[in-house]
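One structure below.
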Amino acid sequence: MGKLFSVLMVGDVEGSPGRDILARLLPELRQEFALDFVVVNGENAAGGFGITPGIADSFFHLGVDVITTGNHVWKNKEIFRIIETEKRLLRPCNMPAGTPGHGAGLFMKNGVAVGVVNAIGRVYMDPQDCPFKVARERGMALQEKGASILLLDFHAEATSEKVAMGHHLDGLYSAVAGTHTHVQTADARVLPGGTGFITDLGMTGPHDSVIGVRKEKALRKFVTGMPARFEVAEEGVAFNGAVFRIDPETGRTDSVVPLFRST
């Protein structure tokens, strides 16, 4: 085995608290883990809903290689200005034909061809094309283009759907990481076929909250059933993600290290 390729995948960045801790910790993590490649889910980066061109640009200036998204990708209309031209900003690949933007991409980094795919689940989510079929097709297409490492951000609600995706793609993808639920799961592992897996990376943002929302706002909705305007919380900010150490010669993951760093 030669030098392992170190990939950091970061869980949903929530508002300005998430953006701030990402900016503070990424340089340290880059040095600590000798990072080669960074994927960040940015679909909640703009006040909890969507992402703007300016925020995307700030992430790229931090050294983020690819930004993935999910069901909130269209919440900020400014994103339509760059979604077609900025190939480092992905939206789920299994959205209907004709949807603006790109669901996958091939990126060269440190002499390694890395394929990144973004998919969205269908259980308890808006209906989309089959993520299992599309993620496999996109992965195989990227391999044919020369990708030696394949990464999937699977933005899905149900843990069962995310675990099923890991097994479905085991041996094809180097890493499958779930996002969307904002709660990091304690099941990071390498599957039998060599695919690094975690059901959910968690949330990079305020953890003294209800999945990023101010507690009093979320409690009003749950306790009274009355509508409430959700606002991003500010306390208990933490960084969630995972580092996948991958053999670029085989595409197999050697180890998965989940990260939970607080301020």
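The values are calculated or read from the model by the stated rules, or taken from the named source; none is laboratory data. What you see is a predicted model; the values in this text were computed from it and never measured. Here Cβ is always computed from backbone atoms with ideal geometry, including for glycine, and neighbour counts include all displayed protein chains. To get the accessible areas, we keep the full protein, side chains included, count just its heavy atoms, and leave off ligands, DNA and RNA. Shrake-Rupley method; radii C 1.70, N 1.55, O 1.52, S 1.80 Å.
Could you pull out the trypsin sites (Lys or Arg not before Pro) across segment 102-164 that fall in loop regions by DSSP (anything but H, G, I, E, B) with no more than 16 other Cβ atoms inside 10 Å?
Listed in order of number, the matching sites are K145.
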Inset, instruction - Work out the length of the dipole vector of segment 82-188 about its Cα centre, built from +1 on the beta-carbon of each Lys and Arg and -1 on the beta-carbon of each Asp and Glu, and round it to the nearest 20 debye. - result: 260
Legend entry - Folded to 0 to 90 degrees: helix 215-224 orientation relative to the chain principal axis, Cα: 70
Inset, instruction - Measure nothing fancy, just the Cα-based angle from helix 131-144's long axis to the longest principal axis of the chain, in degrees from 0 to 90, nearest 10. - result: 40
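Given the pairs K77/K145; K3/K133; K87/K145; K75/K133; K133/K217; K87/K215, which are separated by over 28 angstrom at their Cα positions?
Details: K77/K145 32 Å; K3/K133 32 Å; K87/K145 16 Å; K75/K133 26 Å; K133/K217 38 Å; K87/K215 36 Å.
Exceeds cut-off: K77/K145; K3/K133; K133/K217; K87/K215.
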Inset, instruction - Note down the magnitude of the dipole of segment 157-263 about its Cα centre, charges +1 on Lys and Arg C-beta and -1 on Asp and Glu C-beta and zero elsewhere, to the nearest 20 debye. - result: 380
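Compute the accessible area per residue over segment 1-135, keeping the other protein chains in place, probe 1.4 Å, unit Å². It would help to have the intermediate numbers written out before the result.
Working: 5380 Å² over 135 residues.
It amounts to 40 Å² per residue over segment 1-135.
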Legend entry - Nearest-ten-degree value, helix 53-62 long axis tilted from longest Cα axis of the chain: 50
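Over the Cα atoms of the chain, Rg to Rh with Kirkwood Rh, two decimal places?
Values: Rg = 17.1 Å, Rh = 18.1 Å.
My calculation puts Rg/Rh at 0.95.
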Legend entry - Taking segment 1-63 and dividing mean pair separation by its residue count, relative contact order in percent (alpha carbons under 8 Å, at least six apart): 40
Inset, instruction - Only helical DSSP H runs with n ≥ 4 go in: add -39500 (n - 2.57) per run for the chain, normalise by residue count and round the 222 nm mean residue ellipticity to 500 deg cm²/dmol. - result: -7500 deg cm²/dmol
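What shape does segment 123-205 have by the C-alpha gyration tensor, where a ≥ b ≥ c are the square roots of the eigenvalues, rounded means a/c under 1.5, and otherwise prolate means a/b greater than b/c and oblate the rest?
On the way: a/c = 1.86, a/b = 1.31, b/c = 1.42.
In terms of gyration-tensor shape, oblate.
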Legend entry - Global size of segment 14-169 as Cα Rg and Dmax, reported in angstrom: 15.2, 42
Legend entry - Gyration tensor (alpha-carbon) shape descriptor, segment 86-177, a/c threshold 1.5: oblate
Inset, instruction - Treating cross-link reach as a plain straight distance, find the aspartates and glutamates whose alpha-carbon is under 13 Å from the alpha-carbon of K221, omitting any fewer than eight places away in the same chain. - result: E231
Inset, instruction - Provide the net charge surrounding S160, with neighbours chosen by a C-beta distance below 13 Å and charges set as Lys +1, Arg +1, Asp -1, Glu -1. - result: -2
Inset, instruction - Sort out for me the Cα centre separation of segment 182-199 from segment 102-132, rounded to whole Å. - result: 17
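State the percentage of accessible surface on the chain attributable to carbon and sulfur atoms; use a 1.4 Å probe and exclude ligands, DNA and RNA. Before the final figure, lay out each step's value.
Numbers: 5840 of 11070 Å².
On the chain, the fraction of accessible area on carbon and sulfur atoms equals 53 percent.
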Inset, instruction - Determine the shape class of segment 192-263: with a ≥ b ≥ c the square roots of the Cα gyration tensor eigenvalues, call it rounded for a/c under 1.5, and otherwise prolate if a/b is greater than b/c, oblate otherwise. - result: prolate
Inset, instruction - Take every Cα pair under 8 Å in the chain that's 6+ residues apart, average their separations, divide by the length, and report that relative contact order as a whole percent. - result: 20
Legend entry - Label-point separation in nm, S58 to K145, each point 7 Å along Cα→Cβ: 3.0
Inset, instruction - Choose one of M226, L22, P258: the residue whose Cα lies farthest towards the positive end of the charge dipole of the chain (beta-carbon charges +1 Lys, Arg; -1 Asp, Glu; about the Cα centre). - result: M226
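How do the peptides 184-196, 239-251 rank, highest first, by the average count of neighbouring beta carbon atoms within 10 Å per residue? Kindly include the intermediate steps, with their values, before the conclusion.
On the way: 184-196: 17.8, 239-251: 22.4.
Per-residue mean Cβ counts within 10 Å order the peptides as 239-251, 184-196.
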Legend entry - Unit Cα scatterers, Debye sum, segment 1-97: log10 I(q)/I(0) for q = 0.14, 0.21, 0.23, 0.25 Å⁻¹: -0.50, -1.02, -1.18, -1.35
Inset, instruction - Using only alpha carbon pairs under 8 Å that are at least six residues apart, calculate the relative contact order of segment 162-263 and give it in whole percent. - result: 26
